[in-house]
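One structure is given below, encoded as structure tokens.
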Amino acid sequence: MRVTHTAPLAPLTTLGLGGAAAAVAELHDLEDFPEFVAFAEAYPGAPVPLGAGSNVLADDSGCSSAVLRMATQGIRIAGETADGRIRVEVQAGHSLADLVDTTIAAGLTGMEMLAGIPGTTGATPVQNVGAYGQEISDTLVEVTVWDWKLRRRTVMDAAACGLGHRTSVFKRTRRWTVLTLVFALHRAELSAPVTYRTVADELGVPVGTRVPAAEAAQAVRAVRHTKGMVLDTSGIDHRSVGSVFLSPEITPTQAADLRAHNAPVHRFPDGSTRVSASWLIKRSGFALRSPVTTGVRISSQHYTLVADEGTDATATTFAKAIDVVLQQVQTHTGVTLTPEIDRIGDPTPHNAHAHHSSLF
Ligand SMILES: Cc1cc2nc3c(=O)[nH]c(=O)nc-3n(C[C@H](O)[C@H](O)[C@H](O)COP(=O)(O)OP(=O)(O)OC[C@H]3O[C@@H](n4cnc5c(N)ncnc54)[C@H](O)[C@@H]3O)c2cc1C
């Protein structure tokens, strides 16, 4: 375990914003976790788990709790589940991108549409990570967590994780730190049916076709590239958290109306029908590259917020930009957007809804 005291959070997040944490411990070996539990007691509140920092906004005032950066590595393809799928055990710090590639190379399907999503595997249950018709809930069997409330290690099956549309019992709480995960994947050469038109078009096949899993992943990555939805450190939009807002749920009447305007409307595994938040942002008058607040603008490729190069942007101006977009979309479309990203900092009564609650 490597510990840094008064550690700036900005370099640990893809937005590159925020103040310092009282201490950041980097966990490379799960054997060292008990040492971290003892270490974290010296700091107020439950510690903040952090992966690759690709879905967080760290407050300018930093964080007085200890931050645990998950850097544990390892994938084990081990045995079969009761329903004949293949068990894949993964350490929380392992990159999701590598997990997707490794499972495809092993002839397993179930994660191919998640290609190109940044971050660690341990963070995936937090918002039931998903894209292009697949979600973690399709394949997650169980997670082993440390429960900071009961102060013990415990195994939670997928049902106990409460996985919903970009949410779970882990969202906006520090109660549990995910340590390891078990997935169940099918042994198959072909991908899940391609349900998104953009991906089908990239492959040159009709919607609903199954293609070799590696080709599906490649097509997904290519589509994501065109939208700036892969982390590309060379591009001008790289200070990004991907989608800043959830795709809002809409009624059947709204769906019919939006489809008539060619809006991307999709049904999700939880049964909800949702419209793309970026489409609503575009519709509300925001232009690509347009500034929103100091140092924060709309991406040059996609209708989402990014921080500009340089030092003008702060966590405060990014949070303000979220409010500006929210208000403008509300005024123009009548739809209320909900931020997807998590705040890291010290919760106050005013901002606790957006932060991890240290009260469990
Ligand atoms: C360009 C880009 C594209 C993206 N595209 C998608 C997409 O298509 N679909 C999608 O769902 N997301 C997407 N995201 C968001 C992000 O990649 C995912 O949410 C990812 O799971 C975050 O992983 P991370 O390791 O970076 O988590 P972090 O940002 O470090 O943490 C995210 C949250 O999880 C918590 N957390 C992290 N690790 C653990 C752990 N081990 N135990 C408990 N809690 C933990 C943190 O406290 C925080 O609340 C995108 C982001 C970017 C930058």
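Among the criteria (1) in contact (Cβ under 8 Å) with a residue 40 or more places away in the chain; (2) within 16 Å of the ligand (Cβ to nearest atom); (3) crowded, with 18+ Cβ neighbours inside 10 Å, the one Thr195 does not fulfil is (3). Condition check for Ile104 on (1) within 16 Å of the ligand (Cβ to nearest atom); (2) in a helix (DSSP H, G or I): one failure, at (1).
Every condition in (1) under 25 Å from the mean Cα position of the chain (by Cα); (2) part of a strand (DSSP E or B) is met by His5 except one, and the failing one is (1).
From the set of residues in the stretch 263-283 that are part of a loop (DSSP other than H, G, I, E, B) and under 28 Å from Leu57 (Cα atoms), which is modelled with the lowest pLDDT? Here the answer is Pro269. The residues of the stretch 171-192 that are within 16 Å of the ligand (Cβ to nearest atom), polar (S, T, N, Q) and buried (at least 20 other Cβ atoms within 10 Å of the Cβ), listed by number, are Thr177, Thr180. Do we have any residue at all in the stretch 222-239 that's more than 11 Å from the ligand (Cβ to nearest atom), out of contact with any Ser or Thr (no Cβ under 7 Å at 6 or more places or on another chain) and charged (D, E, K, R)? No; the residues of the stretch 222-239 include none that is more than 11 Å from the ligand (Cβ to nearest atom), out of contact with any Ser or Thr (no Cβ under 7 Å at 6 or more places or on another chain) and charged (D, E, K, R).
Out of all the residues in the stretch 142-164, which are within 10 Å of the ligand (Cβ to nearest atom) and closer than 26 Å to Ala213 by Cβ? If you could, list the steps in order and put the result at the bottom.
If we filter the stretch 142-164 for residues that are within 10 Å of the ligand (Cβ to nearest atom), which is where we start, we get 143, 145-146.
Val143 - this is the single residue of the stretch 142-164 that is within 10 Å of the ligand (Cβ to nearest atom) and closer than 26 Å to Ala213 by Cβ.
Only one of the numbered conditions (1) touching a Gly at 6+ places or on another chain (Cβ under 9 Å); (2) of a type in the set (Ser, Thr, Tyr); (3) farther than 29 Å from Pro44 by Cα; (4) surrounded by fewer than 23 Cβ atoms within 10 Å (Cβ to Cβ) is not met by Thr103, and that is (4).
Inside the stretch 1-53, residues that are hydroxyl-bearing (Ser, Thr, Tyr) and away from the ligand (no atom under 14 Å from the Cβ) make up a count of 3.
Scanning the stretch 52-67 for residues that are under 17 Å from the mean Cα position of the chain (by Cα), surrounded by 23 or more Cβ atoms within 10 Å (Cβ to Cβ) and of a type in the set (A, V, I, L, M, F, W, C) returns Val56, Leu57, Ala58. Taking Leu96, is it buried (at least 22 other Cβ atoms within 10 Å of the Cβ), within 16 Å of the ligand (Cβ to nearest atom) and without any contact (Cβ under 8 Å) to a residue 60 or more places away in the chain? Yes, satisfied. Within the stretch 198-209, being away from the ligand (no atom under 14 Å from the Cβ) and among the aliphatic types (A, V, I, L, M) holds for Ala200, Leu203, Val205, Val207.
Being surrounded by fewer than 19 Cβ atoms within 10 Å (Cβ to Cβ), more than 30 Å from Val211 (Cβ to Cβ) and more than 19 Å from the chain's Cα centre (by Cα): is that true of Glu80 here?
Working: surrounded by fewer than 19 Cβ atoms within 10 Å (Cβ to Cβ): yes; more than 30 Å from Val211 (Cβ to Cβ): no; more than 19 Å from the chain's Cα centre (by Cα): yes.
Judged against the criteria, Glu80 is not a match.
For the stretch 306-336, a tally of residues being within 16 Å of the ligand (Cβ to nearest atom) and within 20 Å of Glu249 (Cβ to Cβ) returns 1.
So that you can scan it fast, the table gives a plain yes or no per residue for (1) in contact (Cβ under 8 Å) with a residue 40 or more places away in the chain; (2) over 15 Å from Ala115 (Cα atoms); (3) not aliphatic (A, V, I, L, M):
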residue	(1), (2), (3)
Gly164	yes, yes, yes
Phe170	yes, yes, yes
Arg175	yes, yes, yes
Val205	no, yes, no
Thr209	no, yes, yes
Gly228	yes, no, yes
Glu249	yes, yes, yes
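The values are calculated or read from the model by the stated rules, or taken from the named source; none is laboratory data. Fair warning: this is a prediction, and the values are worked out from it, not measured in the lab. With ideal geometry, Cβ positions are generated from the backbone for all residues, glycine too; neighbour counts draw on all protein chains shown.
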